[in-house]
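Report on the structure given below.
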Amino acid sequence: AVRVRELGLGYPSEETVLFRYCGGGCPAPPTNHGLALARLRPGGGPGGGPCCRPTRYEDVAFLDEGQRWHQLRQLSAAACRCLG
């Protein structure tokens, strides 16, 4: 859980909400393209492999300091998948 204020979206609220996100690596079998790119770009850097990203989101509702309800649409990841 995270405080709404800490999300950096401009809402003055000490309420906590559940914020889920996608992370981690997405293993992919090596390809000739990937091997050549790694050789041409020593030291890594951003690759062209699959990324773990949200495929579905959940809305989150909370009260601000003035006791007004707000709903943040598509804030929290509800499902993740390796894309790319």
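Structural remarks
- Listed peptides 68-80, 20-32 appear in the order 68-80, 20-32 once ranked by packing, highest mean of other Cβ atoms within 10 Å at the front.
- Were the residues from residue 53 through residue 74 laid out at 0.36 nm apart, the gain over their Cα-Cα distance would be 6.2 nm.
- Computing Rg and the Kirkwood Rh from the Cα coordinates of the chain gives a ratio, Rg/Rh, of 1.20.
- Residue 64 paired with residue 32, simple spin-label distance in nm, labels 7 Å along Cα-to-beta-carbon: 5.8
- Using R0 = 22 Å, the C-beta based FRET efficiency linking residue 5 and residue 81 works out to 0.10.
- Per residue, in Å², the accessible surface of region 2-83 once ligands and nucleic acids are set aside, probe 1.4 Å: 75
- Within the accessible area of the chain, the carbon and sulfur atoms contribute 52%, probe 1.4 Å, all protein chains present.
The values are calculated or read from the model by the stated rules, or taken from the named source; none is laboratory data. Computed from a predicted model, the values in this text were never measured in an experiment. Note that each Cβ is placed from the backbone with ideal geometry, even for glycine, and that neighbours are counted across all protein chains shown. For the accessible areas, the whole protein counts, side chains as well, though only heavy atoms, and no ligand, DNA or RNA atoms are used. Shrake-Rupley method; radii C 1.70, N 1.55, O 1.52, S 1.80 Å.
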